[in-house]
Amino acid sequence: MIKKVALACSECGSRNYSTTSKKESERLELKKFCNNCNSHTIHRETK
Ligand SMILES: [Zn+2]
């Protein structure tokens, strides 16, 4: 089963990206560009 997740900026909390994850237990953490912070920040998986 493929899980649909949103990625939220850990700095400001805005949801900038959406992705899919096959792993149920693992929490994704990706370094992505945040338009709100205007820099690259850690983005975490959220529902
Ligand atoms: Zn941000």
Each label sits 7 Å from Cα toward the beta-carbon; between Lys23 and Ile42 the label points are separated, in nm, by 1.5 nm
When you take every Cα atom in the chain, what is the radius of gyration, and what is Dmax, the widest Cα pair distance, in Å? 10.5, 34
Which Cys residues of the chain have no other Cys Cβ less than 4.7 Å away and so no disulfide-compatible partner by this rule? Cys12
Give the longest segment of the chain that steers clear of GluC sites (Glu not before Pro) in DSSP loops with at most 12 neighbouring Cβ atoms within 10 Å, not counting the sites themselves. 1-23
Sparse-neighbourhood loop hits (trypsin sites (Lys or Arg not before Pro), segment 1-43; DSSP loop; Cβ within 10 Å at most 11 others) -> Lys22, Lys23, Arg27
What is the count of Lys pairs in the chain whose alpha carbons sit under 12 Å apart, if the two are 8 or more places apart or on different chains? 6
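Bear in mind that the values in this text are calculations on the coordinates, not laboratory data. Remember, predicted model here, so these are calculated numbers, not experimental data. Counting neighbours? That spans all protein chains shown, and the Cβs are built from the backbone with ideal geometry, glycine included.
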